[in-house]
1. Residue under question is ILE51, and the condition is that it be under 28 Å from LEU28 (Cβ atoms), at pLDDT 95 or above and either assigned to a strand (DSSP E or B) or more than 18 Å from the chain's Cα centre (by Cα) (or both); does it hold?
2. Restricting segment 144-167 to residues that are out of contact with any helix residue (DSSP H, G or I) (no Cβ under 8 Å at 6 or more places or on another chain) and among the polar types (S, T, N, Q), which is surrounded by the fewest Cβ atoms within 10 Å (Cβ to Cβ)?
3. Could you list, in sequence order, all residues of segment 87-124 that are of a type in the set (Asp, Glu) and touching a residue at least 24 places away in the same chain (Cβ under 8 Å)?
4. Run down LYS102, LYS36, LYS47 and say which single residue is farther than 20 Å from VAL170 by Cα, among the charged types (D, E, K, R) and surrounded by fewer than 18 Cβ atoms within 10 Å (Cβ to Cβ).
5. Within segment 1-26, can you find the residues that are in a strand (DSSP E or B), free of Cβ contacts under 8 Å to residues at least 40 places away in the same chain and not hydrophobic (A, V, I, L, M, F, W, C)?
6. Would you list the strands (runs of 3 or more DSSP E) that sit entirely within segment 58-175 and hold 1 or more residues that are at pLDDT below 95, touching a strand residue (DSSP E or B) at 6+ places or on another chain (Cβ under 9 Å) and more than 24 Å from TYR8 (Cα to Cα)?
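The values are calculated or read from the model by the stated rules, or taken from the named source; none is laboratory data. Keep in mind it's a predicted model, so treat the numbers as computed, not measured. Positions of Cβ are generated from backbone atoms using ideal geometry, with glycine treated the same way; all protein chains shown enter the neighbour counts.
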Amino acid sequence: MSEELKKYIRSVKDFPIEGIMFRDITTLLIDPVASKKTIDELYNQAKDLNITKVVGIESRGFLFGMLLAEKLGVGFVPIRKPGKLPAETESVEYELEYGTDKIEIHKDAINQGDKILLHDDLLATGGTAEAACKLIEKLGGEVVQVSFIVELSFLNGREHIKKYDVRTLVYYESE
């Protein structure tokens, strides 16, 4: 069923820069049947894990992350780029191919022992997901699953988060 979702994901050549094949889920979002199949599959992968919160990574991780939290009956926590959250935050800096980046979470968003499902739309190099896991653990949460809609498996991002239960619905083996 997951690979069936691939037909709803648009491939955009040379975005955001030349040489990149961007996998765009906005075409999946506008199809109510595909969106429902996506959330149902994400839910089925997590429903028996006793999740206490879903954490979504800015910004496309918010879309299905929030729906997943609602369906699981738990709270939703956003991880954002610096300067976007209004209360006291905790942050983690991480390496990019050329430089560094940073993500933040509200310090009071995760409680000691919370069982967290981390969600984002796409797994590429794994740097952001790895940083998000570190951020959750820094606040005392336990990452029990990391879920994605799309994985660019040729970029080996899973290697950065291999100690977690990583779930993906659609795989791309090449650009």
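1. Values: under 28 Å from LEU28 (Cβ atoms): yes; at pLDDT 95 or above: yes; either assigned to a strand (DSSP E or B) or more than 18 Å from the chain's Cα centre (by Cα) (or both): no.
The answer is no for ILE51.
2. Filtering first and then ranking leaves ASN156.
3. GLU90, GLU93, GLU95, GLU97, ASP101, GLU104, ASP114, ASP120, ASP121
4. Details: LYS36 fails: farther than 20 Å from VAL170 by Cα; LYS47 fails: farther than 20 Å from VAL170 by Cα.
Every option except LYS102 fails the conditions.
5. As a first pass, look at segment 1-26 and keep what is in a strand (DSSP E or B): 10-13, 21-24.
Right, trim to free of Cβ contacts under 8 Å to residues at least 40 places away in the same chain and you get 10-13, 22, 24.
Selection gives ARG10, SER11, LYS13, ASP24.
6. On the way: elements: 75-79, 89-96, 99-106, 115-123, 142-152, 166-172.
Counting at least 1 such residues, we get 89-96, 99-106.
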